[in-house]
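Enquirer: Take this structure, written in structure tokens, and hold onto it; I'll ask about it next.
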Amino acid sequence: MKRHNYEYVIDILEYIINQIIIISATISLILLTKKEKIKNIIIYILCIMFSVINISFMCNNGFKNKCIISFSNDFSNELVVKTNKNTGAIKIYRNQKFFLFAKEKEQLDYELDGKIKKQWLTNDVCGITYKDKNGILQEYVVTYGDRGNGILPIESMLKQAESDGTIKTIPLYYKQNQMNRQYYAFWKKENTNPVISDFANIIKEMFNQE
């Protein structure tokens, strides 16, 4: 599966499966050579060696990411998110196979600081909320396919495309409240000058336009 860019949904699954194979092979060989003590001893030693190596790799590589798995209410879609415990990088996975494998779709722009909150808004739309390392709240909407009627829920900030009638946007609500994206502009206080202040006012005016 790796050659097709698939990964285990949970990183340690690879090592758990390896350990099951090692134990199963050991039991099979012991049953075949149960009356040959020397061979049994060699088999036990090899089993211990392979187990130690497998567990070592699991400790080094199996716990680097925190894996978040969530299913929609009707179990038609599966959310898979991996966050790197050291860097805070967040990756979204798609194309799940057998509930064990998934492909990386994209990495979010802002690293995580804290915990991710998730909420299935519908069976094909899941909202993700988290704070980045600057303490700013970030929101991301994960969507799954179309609904068979030409409607695809997406995150859009463009209104110009509505004029020709090809795209129709509607607001997204959660618990009777419309969901909004917040934007911030920052600069170092010591770098403040009239040019930056004027530029900040221009940005503010643009975002305040209807």
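We did not get these values from a lab; they are worked out from the coordinates using the rules stated. As the structure is a computational prediction, the values presented were derived from the model and not from experiment. We place every Cβ from the backbone using ideal geometry, glycine too, and count neighbours over all the protein chains shown.
Enquirer: With the cut-off at 23 Å, tell me which of the pairs K91/K117; K117/K188; K103/K175 have Cα atoms farther apart than that. Write down the numbers at each step before the final one.
Expert: Numbers: K91/K117 15 Å; K117/K188 30 Å; K103/K175 32 Å.
From the list (K91/K117; K117/K188; K103/K175), the Cα-Cα distance tops 23 Å for K117/K188; K103/K175.
Enquirer: Which angle between 0 and 90 degrees, to the nearest 10, do you get for helix 13-32 versus the longest principal axis of the chain when only C-alpha atoms count?
Expert: Helix 13-32 sits roughly 10 degrees off the main axis of the chain.
Enquirer: Using the number of other C-beta atoms within 10 angstrom as an exposure proxy, rank C47, C59 with the fewest first.
Expert: On the way: C47 17, C59 11.
By the 10 Å Cβ count, ascending: C59, C47.
Enquirer: While we're looking at this one, here's another question. Please give the net charge around T83, taking every other residue with its beta carbon less than 11 angstrom from that of T83, where Lys and Arg add +1 and Asp and Glu add -1. Intermediate results must be reported in sequence, preceding the final value.
Expert: Numbers: positive: K64, K66, K82, K85, K91, K115; negative: E111, D113.
Charge balance near T83 sits at +4.
Enquirer: Quick check on the exposure proxy: order S28, S72 from fewest to most C-beta atoms within 10 angstrom. Before the final figure, lay out each step's value.
Expert: Working: S28 11, S72 17.
The fewest-first ordering by Cβ neighbours comes to S28, S72.
Enquirer: What value, in deg cm²/dmol to 500, does the helix sum -39500 (n - 2.57) over DSSP H runs of n ≥ 4 give at 222 nm once divided by the residues of the chain?
Expert: Helix contribution divided over all residues of the chain: -10000 deg cm²/dmol.
Enquirer: Moving on to the next point. Between I116 and I20, what FRET efficiency follows from the Cβ-Cβ distance if R0 is 41 Å, with the result rounded to 0.05?
Expert: On the way: r = 30 Å, r/R0 = 0.74.
Efficiency, from the Cβ-Cβ distance: 0.85.
Enquirer: Taking the alpha carbon gyration tensor of region 169-210, what are the square roots of 5 times its eigenvalues, largest first, to the nearest whole Å? Please list the in-between numbers first.
Expert: Details: eigenvalues 194, 33, 6 Å².
Listed largest to smallest, the semi-axes of region 169-210 are 31, 13, 5 Å.
Enquirer: In addition: Given H placed 1.01 Å from N in the peptide plane, which residues other than close sequence neighbours of L121 have an amide H under 5 Å from its amide H?
Expert: Long-range HN contacts for L121: C126, G127.
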